[in-house]
Structure formats: structure tokens, C-alpha cells
Amino acid sequence: MILAALGGARVRKLTLLTAALFVIWAGAAGTLPAGAAKQQVEVQMKEFAFVPSAVTLKAGVPAEVRLVNRGVVEHEFMVYAGKPMAGMDPQKMHKELEARSYFRGLAVQVEGKAKMVERMGKDLVMVTLAPGERVVLRFTPTKKGTFEMGCHVPGHYEAGMKGKWVVR
């Protein structure tokens, strides 16, 4: 009865105003609408490179990173702050890079077949893929900056298997 008394034009204006206020409220709450786009990137690993050699992601937007080993030997995927120290004992270096993993503190789902998925507690630090294996990492990047991705199977990093991981 009240809506009929207001008239059709007023009801439409009230409906539009309500919808506009909801959109503003949802945006302010920082929520993504259902079906919002994800960032999707494929990183191929082969002798002795990551393709692409640079990955750029946007902070706060869900990401799916597909890792595919297209090589004939196994490869590691690590992302970390800084660069490895030259001449460091390989085991000590590996532990140091794990401690500096980009994924520390992030909830990362790993789906697919991997030779090894290494975590420190709940935190992802490394994925090792045998030839032909592939996995998808699902997470929301939060730490902004430039990081390094590297393969630290003996000799691979030294042969150039490294790249940039940028989050803006």
C-alpha cells in the first residue's frame, strides 16, 4: 500500500538509491563480488629457466599460479626475499631461503601432483616437480615488493634458473 501511494517513479528511484548504497558499502568493506576475476599465471620450468622470467601480481587479488615442469629433469620453485649468498654451503643456503620464503604467513593451497611440497609449519617454502608434473598454487598475495624465484637443484640456479616475482 505504501509503495502504491509513492508511485512507480519514486519506487524506481528508491530501488536505485538502495542498490547504489549497497555497492558503495560492499566496496568499502573490501569484499570482492562473487565471480570476481582472479589473477592467473603459468610458470613453466625447463632447463634452465623459468618462463616467463618475471611474474607480476597485484596485492589483495586472489591468484592462481600454475607451475609446469616442461623439462627432462626435476626442478624446484622457491620465491624469497633477497638473493642467495655466493659460496654459502648449499644446505645452509636452502634453509636461509626457506626462512625468507615469500609464502611465509600466507594460506597457500597446492593442488596437483608434485614430487615434493615443503612447508615450515603451515607455510609453503618450496615445490619440487618431476618432469611432466604440474600443480596450481592458490593464494592471495599481500606482501608488496620485488622478490626472486629460483631453482636450487644443484647447478640449476648457477645455470640461470632464476627470475623476478613482483607484487604491486
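Values in this text are rule-based calculations from the coordinates and carry no lab data. Remember, it's a predicted structure, so these values are computed and weren't measured experimentally. Here the Cβ is made from the backbone with ideal geometry for all residues, glycine too, and neighbour counts use every protein chain on show.
Placing a label point 7 Å from the Cα of Ala37 along the Cα-to-Cβ direction, the residues of segment 126-168 with a backbone N closer than 17 Å are 141, 168. Pairs from the table (Lys38/Lys144; Lys122/Lys144; Lys58/Lys92) lying more than 29 angstrom apart at Cα are Lys58/Lys92. With all projection directions averaged, the alpha carbon convex hull of segment 39-167 covers 6.8 nm².
Couplings for segment 47-56, taken from phi via the Karplus curve 6.51 cos²θ - 1.76 cosθ + 1.60 with θ = phi - 60°, read 6, 10, 7, 9, 10, x, 7, 9, 10, 10 Hz in order; Gly and Pro are left as x.
What does the net charge come to around Glu64 if you take all other residues with beta carbon closer than 14 Å to its beta carbon, with K and R at +1 and D and E at -1?
+3
Net charge of the neighbourhood of Val73, taken over other residues with C-beta under 13 Å away and scored Lys/Arg +1, Asp/Glu -1, is -1. Run the paramagnetic zone check for Ala99: 7 angstrom along Cα to Cβ, then residues of segment 43-84 with backbone nitrogen under 18 Å. From segment 43-84, the list is 79-84. Remark on Lys162: its backbone amide H falls under 5 Å from those of Phe50, a criterion applied only to residues 5 or more positions apart or on other chains, H modelled at 1.01 Å from N.
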